[in-house]
Amino acid sequence: MADVARGSVRNALSVAGAAIVTMSALVFIVVFLLDLFGLHTNPYLGIVFFVIVPFFFILGLLLIPLGMWRERRRRITGKSSRVGWPQLDLNNPVHRRTTFIVLVLTMANIVIVSLAAYRGIEFMDSPSFCGQVCHEVMQPEFTAYQNGPHSRVACVQCHIGPGAPWFVKSKLDGTRQVVAVLLNSHSRPISSPVHNLRPAREVCEQCHWPEKFHGDKIVVKKEYADDEAVTESVTTVRLHVGGGGDKIGRAIGIHWHMSPLVKVEYIATDDKRQVISYVKVKDQTGAEREYYVDGITQAQLDAGERREMDCMDCHNRPSHKFDSSAERAIDEAISNGEIARSLPFVRREAVAALKVNYPDQVTAQQEIATRLVNFYKGNGNDLYAARKADVDRVVEAAQRIYSRNIFPSMKVTWGSYPNNIGHMDSPGCFRCHDDNHKSKDGHVIKQDCETCHEIQ
């Protein structure tokens, strides 16, 4: 058996397979150690080392026995058309040695393949893989994620969650998305909302607690005028966040919608869930009531998307939030001190610089700087020389705001992704609370400001 094995392994196909296995194993082990000690973080190298290299390693393993089978068949073809199994005699020292070597190499192969499979899956579940491999496509979402409140939460914890079924489903969806990227058939911008997203109760509620009573929350909003003095106006709002469940026996406030004591269903008649034409409410007493907008037909409702309301219907941009407008973004930057309010007309000029339709981000960065610097150098009084540090800070802040909100190649601009929290820049709460959703017995979902907040 040993002589046959030695003879049959001496063929071009098996030798090539052995060479591929050896080289792949050495490369994988070296890179695995580099990755283990944090010496490599490039997502593109990750694809090569944890997906492509293991593929060639397995390919080489398959080539070795295939070459041996072909060579053995070739040698005995003249004697018999039937290829028999090799004979193994462990009393023969040569057979024992060969068997031991095969077993040791098999165990080593299992270890390498297992490490490759584990590390490959771990790599494909990492934020860098999700956000940086398909760079242009996912750049807007990844940038928003990095600047968002969940930037330390891995993408898969929200988009997949625990359990094997959703893991398999996500990988199948990922394959479809890869094909769309390769064929350049993906939407621009990426469609939102994600219609096959896992229910929030199975994901968000791993950390957040809908039964928790939060009471009221004070929010202070600052806005600024386009005048020379950049006049400030302040609005203080007391939000009735509320909440509640079985422990207190009732639910109140905004989080009433998500209490386990309440069930809200709706039908959206557009693909962005901004047009809600039907609402069904089962309150904490068990009473049910259905609300319809004027003029809606049963055919339109049948064609719409029916959902049970969950966290994502209001908190629809929890990890990928974009500023709703240049005005809002600049107001926030002035409020938190990124931009010096004492610079004349700074709000007006920064907003104007951000609202230009630039062809790409590189051009935008250059033109924003040129526009703002030239404004403060002009008008007969060179403010730039006197307040260079403040003007440079305005430029940097405006460039940052643009780079995290506008992506020309993906057609992402101001308002591309409506945020359903509130109702100032998109319908939000007013999708239902509009005085236009009425039940057959005359009840109306009211647009009553005091229901959710008090302006002080």
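Only the coordinates and a few stated rules stand behind these numbers; no lab work does. Computed from a predicted structure; not experimentally measured. Cβ placement follows ideal geometry from the backbone for every residue including glycine, while neighbour counts extend to all protein chains displayed.
When +1 charges are put on Lys and Arg Cβ atoms and -1 charges on Asp and Glu Cβ atoms, the dipole computed for the chain relative to its Cα centre reaches about 2780 debye. Lys282: which lysines have alpha carbons under 30 Å from its alpha carbon, excluding same-chain residues fewer than 8 sequence positions away? Within the straight-line limit of under 30 Å, Lys282 reaches these lysines: Lys212, Lys217, Lys247, Lys263, Lys272, Lys438, Lys440, Lys446.
Projecting the Cα atoms of Val168, Pro344, His150 onto the charge dipole of the chain (Cβ charges, centred on the Cα centre) puts Val168 farthest toward the positive pole.
Each of Ser191 and Met23 was given a label point 7 Å from its Cα along the Cα-to-Cβ line. The distance between the two points is 4.3 nm.
Where only DSSP H runs of four or more residues are counted, the chain gives -14000 deg cm²/dmol as its mean residue ellipticity at 222 nm, each run worth -39500 (n - 2.57). Over all Cα atoms in the range 129-186, the spread is summed up by Rg and Dmax: 12.4, 33 Å.
For the chain, the relative contact order works out to 14 percent when only alpha carbon pairs closer than 8 Å and six or more residues apart are counted.
Rounded, prolate or oblate for the range 384-450? Axes are the square roots of the Cα gyration tensor eigenvalues, ordered a ≥ b ≥ c, and the cut-off for rounded is a/c under 1.5. Verdict is oblate for the range 384-450. Annotation for Lys263 and Leu103: the two label points, set 7 Å from Cα along the Cα-Cβ direction, are 6.0 nm apart.
Ranking Pro140, Ala251, Tyr291 by Cα position along the charge dipole of the chain, where only Lys, Arg, Asp and Glu carry charges on their C-beta atoms, puts Pro140 farthest toward the positive end.
Answer rounded, prolate or oblate for the range 129-267, using the Cα gyration tensor with square roots of eigenvalues a ≥ b ≥ c: rounded when a/c is under 1.5, else prolate when a/b is larger than b/c, else oblate. Oblate. Towards the positive end of the charge dipole of the chain, with charges on Cβ (+1 Lys, Arg; -1 Asp, Glu), say which of Val230, Ile455, Val373 has the farthest Cα. Result: Val373, furthest along the dipole toward the positive end.
What the Cβ-Cβ distance of Arg306 and Val356 gives, at R0 = 45 Å and to the nearest 0.05, is a FRET efficiency of 0.60.
Inverting the pair-averaged 1/r between distinct Cα atoms of the range 204-283 gives 15.6 Å as its Kirkwood hydrodynamic radius. Here the mean projected area of the convex hull built on the C-alpha positions of the range 413-456 is 4.1 nm². Scaled to the globular estimate 2.2 N^0.38 Å, the Cα spread of the chain, given as radius of gyration, is 1.39. For the range 257-385, the relative contact order works out to 16 percent when only alpha carbon pairs closer than 8 Å and six or more residues apart are counted. With the highest mean first, a sort of the peptides 223-236, 145-158 on other beta-carbon atoms found within 10 angstrom per residue produces 145-158, 223-236. Straight-line cross-link partners of Lys388 among the aspartates and glutamates, defined as a Cα under 17 Å from its Cα and at least 8 positions apart when in the same chain: Glu338, Glu349, Glu396. Starting from the Kirkwood Rh over alpha-carbon pairs, what translational D in µm² s⁻¹ does the range 159-241 have by Stokes-Einstein at 4 °C and 1.567 mPa s? Value of D from the Cα-based Kirkwood radius: 73 µm²/s. Across all C-alpha atoms in the range 326-410, the radius of gyration and Dmax reach 12.3, 40 Å. Modelled label positions at Leu90 and Ser151, each set 7 Å beyond Cα in the direction of Cβ, lie 6.0 nm from each other.
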